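S.K.: I am attaching a structure below and will ask some questions about it afterwards.
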Amino acid sequence: MAQEYEQLLLKNQLCFPMYACSRKIVGRYTPYLSPLGLTYTQYVVLMVLWEQESVNVGQLGSILHLDAGTLTPLLKRLEKAGYVTRERSKEDERVTVISITPEGNALKEKCKDIPLKLSSEGSGLSKKDAEELYRLLYLFLEG
């Protein structure tokens, strides 16, 4: 390839290994989440709600780096499944508050071992390398 197109070589792209790793990681969750009827994105939404019980859509989007257009249909499906409620804020009707339901909280017990199972499968990284990768990825996300 001509020197002027070096920037287009796949091997020179930071975005590609990040994208491929993301797909691989999400794929590793699928066997554990599918039997529960959850997608990976629904799972991370529930993780936020297990920690905070209630957040507004804007806060949730900020935490998960997702826009409202992505969150709205996902939250509707979680609501239909009985795992969350969506209500207008009493202080500001433009704000939608998402809360975990008892059924959604019950999923926590079914999901509690998923991170342990995935970590035991191994990533090929040492603990130190995994911690450094985590640090670098968050540095990138917040940059």
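The values are calculated or read from the model by the stated rules, or taken from the named source; none is laboratory data. Values in this document were obtained by computation on a predicted structure and should not be read as measured data. Glycine gets a Cβ as well: all are built from the backbone with ideal geometry, and neighbour counts include every protein chain shown. Surface accessibility is based on the protein's heavy atoms, side chains included, excluding ligands, DNA and RNA. Shrake-Rupley method; radii C 1.70, N 1.55, O 1.52, S 1.80 Å.
S.K.: Output the number of residues of the stretch 7-16 satisfying the condition of being in a loop (DSSP other than H, G, I, E, B) and either surrounded by 12 or more Cβ atoms within 10 Å (Cβ to Cβ) or modelled with pLDDT of 95 or more (or both).
M.R.: Residues in the stretch 7-16 being in a loop (DSSP other than H, G, I, E, B) and either surrounded by 12 or more Cβ atoms within 10 Å (Cβ to Cβ) or modelled with pLDDT of 95 or more (or both): 1 in total.
S.K.: Still on this structure, I have one more. Where in the stretch 60-143 are there helices (runs of 4 or more DSSP H), lying wholly inside it, with at least 3 residues that are touching a Phe, Trp or Tyr at 6+ places or on another chain (Cβ under 8 Å) and closer than 24 Å to Thr30 by Cβ?
M.R.: In the stretch 60-143, 102-111, 114-121 are the helices (runs of 4 or more DSSP H) which contain 3 or more residues that are touching a Phe, Trp or Tyr at 6+ places or on another chain (Cβ under 8 Å) and closer than 24 Å to Thr30 by Cβ.
S.K.: Consider Val55 carefully, then state whether it is assigned to a helix (DSSP H, G or I), closer than 24 Å to Leu107 by Cβ and either hydrophobic (A, V, I, L, M, F, W, C) or in contact with a strand residue (DSSP E or B) (Cβ under 8 Å, 6 or more places away or on another chain) (or both). Spell out the reasoning first.
M.R.: Working: assigned to a helix (DSSP H, G or I): no; closer than 24 Å to Leu107 by Cβ: yes; either hydrophobic (A, V, I, L, M, F, W, C) or in contact with a strand residue (DSSP E or B) (Cβ under 8 Å, 6 or more places away or on another chain) (or both): yes.
No; evaluated as a whole, the condition is false for this residue.
S.K.: Checking the conditions here, which among Lys24, Lys76 is open to solvent by 60 Å² or more (accessible area, probe 1.4 Å) and under 15 Å from the mean Cα position of the chain (by Cα)?
M.R.: Of Lys24, Lys76, the one residue that is open to solvent by 60 Å² or more (accessible area, probe 1.4 Å) and under 15 Å from the mean Cα position of the chain (by Cα) is Lys24.
S.K.: Out of Tyr40, Tyr29, Tyr19, report the one residue that is open to solvent by less than 60 Å² (accessible area, probe 1.4 Å), within 26 Å of Ser123 (Cα to Cα) and out of contact with any strand residue (DSSP E or B) (no Cβ under 7 Å at 6 or more places or on another chain).
M.R.: Numbers: Tyr40 fails: open to solvent by less than 60 Å² (accessible area, probe 1.4 Å); Tyr19 fails: open to solvent by less than 60 Å² (accessible area, probe 1.4 Å).
Testing whether each residue is open to solvent by less than 60 Å² (accessible area, probe 1.4 Å), within 26 Å of Ser123 (Cα to Cα) and out of contact with any strand residue (DSSP E or B) (no Cβ under 7 Å at 6 or more places or on another chain) leaves just Tyr29.
S.K.: Which of the following residues is touching a strand residue (DSSP E or B) at 6+ places or on another chain (Cβ under 9 Å) and under 24 Å from Phe140 (Cβ atoms): Leu118, Leu60, Leu66?
M.R.: Leu60
S.K.: Sticking with this one: For the stretch 89-121, give me each residue that is open to solvent by 40 Å² or more (accessible area, probe 1.4 Å) and modelled with pLDDT under 95.
M.R.: If the condition is that a residue be open to solvent by 40 Å² or more (accessible area, probe 1.4 Å) and modelled with pLDDT under 95, then Lys90, Glu91, Asp92, Glu93, Arg94, Val95, Pro115, Leu116, Lys117, Ser119, Ser120, Glu121 are the ones that fit.
S.K.: Determine if the stretch 48-63 includes at least one residue that is touching a helix residue (DSSP H, G or I) at 6+ places or on another chain (Cβ under 9 Å) and in contact (Cβ under 8 Å) with a residue 60 or more places away in the chain.
M.R.: No, the stretch 48-63 has no match at all.
Yes/no per residue for (1) in contact with a helix residue (DSSP H, G or I) (Cβ under 6 Å, 6 or more places away or on another chain); (2) part of a helix (DSSP H, G or I); (3) aromatic (Phe, Trp, Tyr):
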position: Tyr5; (1), (2), (3): no, yes, yes
position: Ala20; (1), (2), (3): no, yes, no
position: Lys24; (1), (2), (3): no, yes, no
position: Tyr32; (1), (2), (3): yes, yes, yes
position: Tyr43; (1), (2), (3): yes, yes, yes
